[in-house]
1. Inside 10 Å of the C-beta atoms of B:154-167, what's the mean count of C-beta atoms belonging to other chains?
2. Which of A:LYS113/B:LYS180; A:LYS15/A:LYS71; A:LYS113/B:LYS98; A:LYS15/A:LYS44; A:LYS44/A:LYS127; A:LYS15/A:LYS38 have a Cα-Cα distance over 21 Å?
3. Which residues among region B:193-214 fall inside the zone where the amide N is under 20 Å from a point 7 Å beyond the Cα of B:PHE270, along Cα→Cβ?
4. Go ahead and run the numbers for FRET between B:ARG99 and B:SER67, Cβ-Cβ distance against an R0 of 56 Å, rounding to 0.05.
5. At a probe radius of 1.4 Å, what is the per-residue accessible area of B:THR119, in Å² to the nearest 10?
6. Top mean-square fluctuation among A:SER80, A:SER55, A:SER119, Gaussian network model of chain A, C-alpha springs under 10 Å?
7. Between B:ASN288 and B:MET132, what FRET efficiency follows from the Cβ-Cβ distance if R0 is 30 Å, with the result rounded to 0.05?
8. Students sometimes get this wrong: rank B:TRP225, B:TRP312 by accessible area, probe 1.4 Å, all chains present, largest first.
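The values are calculated or read from the model by the stated rules, or taken from the named source; none is laboratory data. Because the structure is predicted, anything quoted here is derived from the model rather than measured. Here the Cβ is made from the backbone with ideal geometry for all residues, glycine too, and neighbour counts use every protein chain on show. Remember, those area values only see protein heavy atoms, side chains included, never the ligands or the DNA or RNA. Shrake-Rupley method; radii C 1.70, N 1.55, O 1.52, S 1.80 Å.
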Amino acid sequence: MADDSILDIPPATVKLAGASQPLTVEMTFNTPTTVNYKLWFRLKDADWQELASGSFPDSISQAGGHFTIPKVTDGTQFDSVFTFTGKIATPIDGSVLFIQGEFPLSGGTVPMKGQISSSHVTSGSLKAVFNA
Amino acid sequence: MLEAVLLLCLIIASTGKLDAQESSTVYDPFTTPESPAFTYLNVSPSSVERPRAPRTLAVGLANGVDSAGKVRSGLAFDVAPFQFLSGILPVSLAEYQKRGVRNWLWNTSASLGTVTPQTDSASTDMSVGLRMVLYDANDEMADPHFTRTITDSIASCQNRLAHPEMTTADLVAVNQCGAKAWSQVYQQWEDSGRGKWNGSGISLAFATGWRLIDSQFSQTPSTGWAAWLVASKGLGSSSLFMAQLRYDDRQNIPPGAEPERLSIGARAIFGSAKANAYIDLSGGHTPNQVGGSSFSHKWSAGIEFRAADQLWLSTGFGSTFATADQPERVKVIANMRWRVFKDPQFIPR
């Protein structure tokens with residue numbers, strides 16, 4: 001039986017607009033749950049690096065839900081964990097956008113949909129790989 | 001000694017019946033009905049559909065009509081319609097905590113039910129209802145202090161357990177840590193007085209209905225409407241004052257069970273989350289068949305205490321204490337009337 005506290009997020013394959021250019025990760029959440037996140041990335045054949053960690057609503061962070069990877073090349077990987085808490089059965093409705101320039105990349109809009117579990121906590125992991 | 005044994009037997013015998021007896025047909029006047037449509041129809045469905053997506057709701061409603069176009073009896077739906085619209089009308093946590101219109105909409109629920117009327121087995125009575133919580137001091141997600149504390153605790157869980165390339169088992173471990181954190185933070189929130197047993201609140205509900213002649217939509221005379229308004233205000237840490245207003249203009253009431261057309265009441269409770277004393281005063285106006293009307297007033301007072309989880313005992317006196325329609329839950333022991341409930345008197349919502 002599936003664990004109702006795990007949010008199923010299919011992995012994403014994102015087509016880069018330009019190699020070796022910055023990439024912005026933007027997050028939005030549309031329902032009244034708390035959100036804690038940890039984001040990592042690694043260039044091809046390199047080690048994982050933490051990109052960001054924090055929470056929504058976050059009165060301390062100035063990032064406003066935007067984080068930038070300075071240089072993204074073909075084969076760069078992205079990984080993350082999102083933990084949502086709230087009243088049982090509250091819908092989870094959020095999305096992560098991968099942006100170069102002004103617009104999301106092809107395959108770069110990743111929805112996160114589900115609901116808060118019976119234990120008040122639900123977590124999911126969003127993984128992506130960037131191809132030139 | 002004998003009375004204590006009898007009381008214990010009452011508790012044991014009542015425990016198994018409580019869930020079945022917690023019926024919307026016998027609801028506390030100082031609460032707005034959870035599903036006004038069911039209360040309007042005097043039913044307590046054993047199974048209620050709670051769709052979480054518009055498509056699921058649409059399919060359920062479509063299945064409620066048979067191939068001959070007749071509405072089925074026994075339908076029971078309860079949904080939070082504005083929660084379907086999070087993509088169009090987002091309600092972030094920050095917006096929710098402003099306790100404005102978006103908070104009200106998010107906490108609005110709609111209900112729909114159908115039942116076969118006793119006097120016309122070929123027809124179907126249908127009702128729709130709406131319930132809105134305008135303010136709830138005990139809503140932990142509306143308290144920034146609570147949500148800040150829980151996010152700090154979850155951050156601690158993630159710092160210890162989260163890493164790249166997590167497996168499902170790793171996520172489960174994070175969730176288990178988070179669930180433990182939630183329990184602790186919630187308990188601290190309650191103990192600190194923020195999640196008070198006597199928190200203030202206001203809620204309202206409305207329901208209306210129709211009789212579907214021959215169970216079809218071609219003839220649908222109205223069966224009236226009903227509305228409820230309940231407000232509560234806590235004072236200090238040990239008192240709660242509640243007021244209720246109810247208007248009931250239904251025409252589908254079983255004979256001999258007609259409620260007052262308009263009723264108003266007040267309740268004062270003194271005590272704690274585990275034991276308290278209360279006094280109720282209420283009055284009502286009922287029109288009679290010859291064109292006049294009658295006024296009535298009632299009162300009750302007593303004490304109640306929590307015997308176990310979801311098990312309260314109450315004893316008291318007055319004209320409305322343990323009314324005749326609840327014989328299964330009322331016992332006379334040691335010359336005192338006792339009744340058993342799952343919820344105490346102070347849940348105003």
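1. Values: counts 10, 7, 1, 4, 9, 3, 0, 3, 11, 6, 16, 6, 8, 1.
For peptide B:154-167, the averaged partner shielding equals 6.
2. Check vs 21 Å cut-off fails for A:LYS113/B:LYS180; A:LYS113/B:LYS98; A:LYS15/A:LYS38.
3. Counting only backbone N, you get B:197-200.
4. On the way: r = 47 Å, r/R0 = 0.84.
Step by step, r from the Cβ atoms, then E = 0.75.
5. Surface accessible to solvent at B:THR119 totals approximately 120 Å².
6. A:SER119
7. The formula returns an efficiency of 0.35 here.
8. Output order, biggest surface exposure first: B:TRP225, B:TRP312.
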